[in-house]
Amino acid sequence: MIGGIVEVAEPDRYVSVHRGFLKVSNGDGELGRVPLDDITALILSAPQVTISKTLMVELAERKAVIVTCGRNWHPLSLTLPFAAHYQAAGILHDQIGASEPLKKRLWQKIVKAKIAHQGAVLARHEPFHPKLSELGILERRVKSGDPENMEAQAARHYWTALMGDAFRRDRNADDANMYLNYGYTVLRAATARAVSAAGLHPALGLHHGTRHNAFALVDDLMEPFRPLIDSISREMNDEAAAIALTPETKRRLAAVLQEDLLTDKGASPLINVLGRAAQSLAESLAAKKDALEIGAIHSARHLL
């Protein structure tokens, strides 16, 4: 287990509770156990996994998330604690009543941070790439609500510069996209936990549409942190003779939750930064002004 992420990746497993531990078993007996208090998210990526209701209750009481994955580790469902915050009803009213100008300002900050982080990642791997200046220009041009879609324009420059001209972001591709899929699953689970713990409703997003996305706010809030996954994926892609999602590569991707970001109070691991981002978003909605805290990529191991 790395960063509080537990994955059940082999078939025919039974996951249950035993004396304060998550226990994994098969037909031959116990295979391992993890303290429940250490778990941020449980990822079920294997077929034919059985999970006990008691375990689901114990994880929910600890505000942990359960992620069920489909093909290529793309998350198909997230199980979140219900009303995990004592002010959940009031926060829900704040979300529903948030003005469009406030939501647009918050989205502007998220997009600017994402593009800045993309630039930091590209500088780490391609320090002399001409697209670095393009990203800087696009970041400065982001307006309230990002009406000119600088996010998408930056992505076009960023992905080809970071991963090569032939690269295409494809969830079903058997290439470096596998690293991205798994890493984003870990990030989405940790962000969902932070959103739930802050009392926010995950379906009420700032920008992402909510009609067909029950986790629109999670997807909004995780955007600035995706480049951390991109950096590790590029690193492993450069190292690998053949691309494969192994236990070791999964551990490296899950370890992103312990990567330090720079905050007003100094360096803090991503898992804590996500929590503060969700809390400050709830505070922004309550105060009806932008108080969102995202943090910044600095000289962490994978970056700059």
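The values are calculated or read from the model by the stated rules, or taken from the named source; none is laboratory data. Note that this is a predicted model, so its numbers are computed, not measured. Every residue, glycine among them, receives a Cβ derived from its backbone with ideal geometry; neighbour counts consider all protein chains shown.
May I ask you to say which residue of Val6, Val15 is surrounded by 15 or more Cβ atoms within 10 Å (Cβ to Cβ), closer than 22 Å to Thr191 by Cβ and out of contact with any Asp or Glu (no Cβ under 7 Å at 6 or more places or on another chain)?
On the way: Val15 fails: closer than 22 Å to Thr191 by Cβ.
Unique residue meeting the criteria: Val6.
What's the total number of residues in region 230-270 that are of a type in the set (Val, Ile, Thr) and surrounded by 22 or more Cβ atoms within 10 Å (Cβ to Cβ)? Full working, then the answer.
Applying the first criterion (of a type in the set (Val, Ile, Thr)) to region 230-270 yields 232, 243, 246, 249, 256, 263.
Next cut, surrounded by 22 or more Cβ atoms within 10 Å (Cβ to Cβ) only: 232, 256.
Number satisfying all stated conditions: 2.
Somewhere in region 44-58, is a residue assigned by TED's automatic domain parsing to the domain that holds Asp12 and in contact with a Cys (Cβ under 8 Å, 6 or more places away or on another chain)?
Within region 44-58, one or more residues are assigned by TED's automatic domain parsing to the domain that holds Asp12 and in contact with a Cys (Cβ under 8 Å, 6 or more places away or on another chain).
So is Glu134 within 18 Å of Pro224 (Cβ to Cβ) and in contact (Cβ under 8 Å) with a residue 12 or more places away in the chain or not? Working first, answer last.
Working: within 18 Å of Pro224 (Cβ to Cβ): no; in contact (Cβ under 8 Å) with a residue 12 or more places away in the chain: yes.
No: the conditions fail for Glu134.
Identify the residue in region 149-184 that is crowded, with 19+ Cβ neighbours inside 10 Å and among the hydroxyl-bearing types (Ser, Thr, Tyr) and, among all such residues, is nearest to Ile43 (Cα to Cα).
Within region 149-184, the subset crowded, with 19+ Cβ neighbours inside 10 Å is 150-151, 154, 157-158, 161-163, 176-184.
Still in the running and among the hydroxyl-bearing types (Ser, Thr, Tyr): 158, 179, 182, 184.
On the way: Tyr158: 29, Tyr179: 15, Tyr182: 10, Tyr184: 12 Å.
Top of the filtered list is Tyr182.
Would you mind listing the strands (runs of 3 or more DSSP E) fully within region 16-67 where at least 3 residues are touching a strand residue (DSSP E or B) at 6+ places or on another chain (Cβ under 8 Å) and under 15 Å from Pro81 (Cβ atoms)?
none
Could you grab me the full set of residues in region 198-229 that are surrounded by 18 or more Cβ atoms within 10 Å (Cβ to Cβ), touching a Pro at 6+ places or on another chain (Cβ under 9 Å) and among the aliphatic types (A, V, I, L, M)?
Ala216, Leu217, Val218
So, restricting to helices (runs of 4 or more DSSP H) that lie completely within region 97-201, which ones have at least 2 residues that are of a type outside the set (Lys, Arg) and touching a Gly at 6+ places or on another chain (Cβ under 7 Å)?
Working: elements: 100-125, 131-140, 150-163, 177-197.
Helices (runs of 4 or more DSSP H) meeting the threshold: 100-125, 131-140, 177-197.
Which condition breaks for Asn72 when tested against (1) closer than 30 Å to Ala176 by Cβ; (2) part of a strand (DSSP E or B)?
(2)
Would region 169-190 turn up any residue that is in contact with a Pro (Cβ under 7 Å, 6 or more places away or on another chain) and within 24 Å of Val256 (Cα to Cα)? So that I can check it myself, show each step before the final result.
If we filter region 169-190 for residues that are in contact with a Pro (Cβ under 7 Å, 6 or more places away or on another chain), which is where we start, we get 185, 188.
Applying the additional criterion that residues be within 24 Å of Val256 (Cα to Cα) yields 185, 188.
Yes: one or more hits.
Looking at region 65-83, can you tell me whether even one residue there is over 20 Å from Asp220 (Cα atoms) and charged (D, E, K, R)?
Yes.
Does Ser196 meet the test of being in contact (Cβ under 8 Å) with a residue 12 or more places away in the chain, of a type in the set (Gly, Ala, Ser) and closer than 25 Å to Leu162 by Cα? Before you say what the answer is, go through the steps one by one.
Working: in contact (Cβ under 8 Å) with a residue 12 or more places away in the chain: yes; of a type in the set (Gly, Ala, Ser): yes; closer than 25 Å to Leu162 by Cα: no.
Judged against the criteria, Ser196 is not a match.
Within region 253-267, restricting attention to residues that are more than 16 Å from the chain's Cα centre (by Cα) and in a strand (DSSP E or B), which residue is farthest from Met222 (Cα to Cα)? Working first, answer last.
Of region 253-267, the ones more than 16 Å from the chain's Cα centre (by Cα) are 262-267.
When the remaining residues are screened for being in a strand (DSSP E or B), the result is 262-263, 266-267.
Details: Leu262: 16, Thr263: 16, Gly266: 21, Ala267: 19 Å.
The selected residue is Gly266.
Yes or no: region 76-94 includes at least one residue that is part of a strand (DSSP E or B), buried (at least 16 other Cβ atoms within 10 Å of the Cβ), of a type outside the set (Asp, Glu) and modelled with pLDDT under 95. Give the steps one after another, and end with the answer.
Of region 76-94, the ones part of a strand (DSSP E or B) are 76-79.
Now drop any that are not buried (at least 16 other Cβ atoms within 10 Å of the Cβ), which leaves 78-79.
Retained after the next criterion (residues that are of a type outside the set (Asp, Glu)): 78-79.
Checking which are modelled with pLDDT under 95 leaves us with 78-79.
Taking every residue of region 76-94 in turn, at least one turns out to be part of a strand (DSSP E or B), buried (at least 16 other Cβ atoms within 10 Å of the Cβ), of a type outside the set (Asp, Glu) and modelled with pLDDT under 95.
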